[in-house]
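**Student:** Provided herewith is a single structure, encoded as structure tokens, for subsequent inquiry.
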């Protein structure tokens, strides 16, 4: 933090540039299914991204024969995807290396940061701010399934300090993100044990009761 403070002091005499997301990123390309033959891809649909952790979970394996109509966008490692359907849910993720070259739904705005201008994680953290959420709320198109056009996402203006400062900010925020993910894992673990330990069959001498007690006994070593 002290290094960041020093960098910010040096920045006082300079003006941080604000730029549209579209100016510091490039667009992804779409797949041409007719040219893919029997090749298979992992499909990232709207339900694939965990809103709490920002991680990509379950995906479907698709090819030219079974690909949904929305399976169109080729993503690369380091891309940032933001769900434009029900956008106030703030569903976004960074594409990890294992999903490089895979396919995302057209329900995402795919943002490919220009690395010489903006750090991927710096941009991702900006998408998690309350300021950006307020912008989304104001710009979304209302309806049964609210949405926001890609163009409006790319029109959002963000601060773009020097890369060195971006990296220092990211290092701090990433540590908090890790702690938050660990806390969420603990919450889920608590829910599991709560439901297991507080489920008492009416017949306390039944086989079900014995099995529940045995399961709790076997699992309690996982705590801590």
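**Student:** If only one of 117, 165, 136 is modelled with pLDDT under 95 and more than 30 Å from residue 33 (Cβ to Cβ), which one is it? Quick ask: steps written out before the conclusion?
**Tutor:** Working: 117 fails: modelled with pLDDT under 95; 136 fails: modelled with pLDDT under 95.
When all the criteria are applied, what remains is 165.
**Student:** Within the range 92-105, take every residue that is in contact (Cβ under 8 Å) with a residue 40 or more places away in the chain and over 12 Å from the mean Cα position of the chain (by Cα) and give me the one that is surrounded by the fewest Cβ atoms within 10 Å (Cβ to Cβ).
**Tutor:** 101
**Student:** Shifting gears a bit: Residues of the range 48-63 being in a strand (DSSP E or B) and closer than 17 Å to residue 121 by Cα, which ones?
**Tutor:** At the first step, the residues of the range 48-63 found to be in a strand (DSSP E or B) are 49, 56, 60-62.
Within the range 48-63, 49, 56 meet the criteria.
**Student:** Filter the range 135-164 down to the residues that are more than 23 Å from residue 27 (Cβ to Cβ), without any contact (Cβ under 8 Å) to a residue 24 or more places away in the chain and either assigned to a helix (DSSP H, G or I) or touching a strand residue (DSSP E or B) at 6+ places or on another chain (Cβ under 7 Å) (or both) and list them by number.
**Tutor:** The answer is 138, and nothing else.
**Student:** Restricting to the range 23-44, name every residue that is in contact with a helix residue (DSSP H, G or I) (Cβ under 8 Å, 6 or more places away or on another chain) and part of a strand (DSSP E or B).
**Tutor:** Residues of the range 23-44 that are in contact with a helix residue (DSSP H, G or I) (Cβ under 8 Å, 6 or more places away or on another chain), as a first pass: 24-25, 42, 44.
Hits for the range 23-44 are 25, 42, 44.
**Student:** Checking the structure you have, find out if any residue of the range 69-91 is assigned by TED's automatic domain parsing to the domain that holds residue 128, touching a residue at least 24 places away in the same chain (Cβ under 8 Å), surrounded by fewer than 14 Cβ atoms within 10 Å (Cβ to Cβ) and in a loop (DSSP other than H, G, I, E, B).
**Tutor:** Checked against the condition, which is being assigned by TED's automatic domain parsing to the domain that holds residue 128, touching a residue at least 24 places away in the same chain (Cβ under 8 Å), surrounded by fewer than 14 Cβ atoms within 10 Å (Cβ to Cβ) and in a loop (DSSP other than H, G, I, E, B), the range 69-91 yields no hits at all.
**Student:** Of 57, 37, which residue is more than 25 Å from residue 141 (Cβ to Cβ) and in contact with a strand residue (DSSP E or B) (Cβ under 8 Å, 6 or more places away or on another chain)? Steps first, please.
**Tutor:** Details: 37 fails: in contact with a strand residue (DSSP E or B) (Cβ under 8 Å, 6 or more places away or on another chain).
Sole residue among the options that is more than 25 Å from residue 141 (Cβ to Cβ) and in contact with a strand residue (DSSP E or B) (Cβ under 8 Å, 6 or more places away or on another chain): 57.
**Student:** Something else about it: Give the residues of the range 40-53 that are under 14 Å from residue 83 (Cα atoms) and out of contact with any strand residue (DSSP E or B) (no Cβ under 6 Å at 6 or more places or on another chain), sorted by residue number.
**Tutor:** The first filter runs over the range 40-53 and keeps only residues under 14 Å from residue 83 (Cα atoms), leaving 44-52.
Hits for the range 40-53 are 47, 50, 51, 52.
**Student:** Say whether the condition of being in the same structural domain as residue 122 (by TED's automatic domain parsing), surrounded by fewer than 18 Cβ atoms within 10 Å (Cβ to Cβ), free of Cβ contacts under 8 Å to residues at least 60 places away in the same chain and closer than 23 Å to residue 155 by Cβ is met by at least one residue in the range 29-38. Talk me through it step by step, then tell me what you get.
**Tutor:** From the range 29-38, those in the same structural domain as residue 122 (by TED's automatic domain parsing) are 29-38; that's our starting set.
Remaining after also requiring surrounded by fewer than 18 Cβ atoms within 10 Å (Cβ to Cβ): 29-30, 32-38.
Adding the requirement that they be free of Cβ contacts under 8 Å to residues at least 60 places away in the same chain leaves 29-30, 32-38.
Still in the running and closer than 23 Å to residue 155 by Cβ: 29-30.
Yes, the range 29-38 has at least one match.
**Student:** Turning to a different aspect of this structure: Looking at this structure, is residue 36 modelled with pLDDT of 95 or more and over 24 Å from residue 150 (Cα atoms)? Steps first, please.
**Tutor:** Details: modelled with pLDDT of 95 or more: yes; over 24 Å from residue 150 (Cα atoms): yes.
Considered against the rule, which asks whether it is modelled with pLDDT of 95 or more and over 24 Å from residue 150 (Cα atoms), residue 36 comes out as yes.
**Student:** Determine whether the range 169-181 contains at least one residue that is modelled with pLDDT under 70, exposed (fewer than 13 other Cβ atoms within 10 Å of the Cβ) and in a helix (DSSP H, G or I).
**Tutor:** So far as the range 169-181 goes, yes, one or more of its residues are modelled with pLDDT under 70, exposed (fewer than 13 other Cβ atoms within 10 Å of the Cβ) and in a helix (DSSP H, G or I).
The values are calculated or read from the model by the stated rules, or taken from the named source; none is laboratory data. Remember, it's a predicted structure, so these values are computed and weren't measured experimentally. No Cβ is skipped: glycine too gets one built from the backbone with ideal geometry, and neighbour counts run over all protein chains shown.
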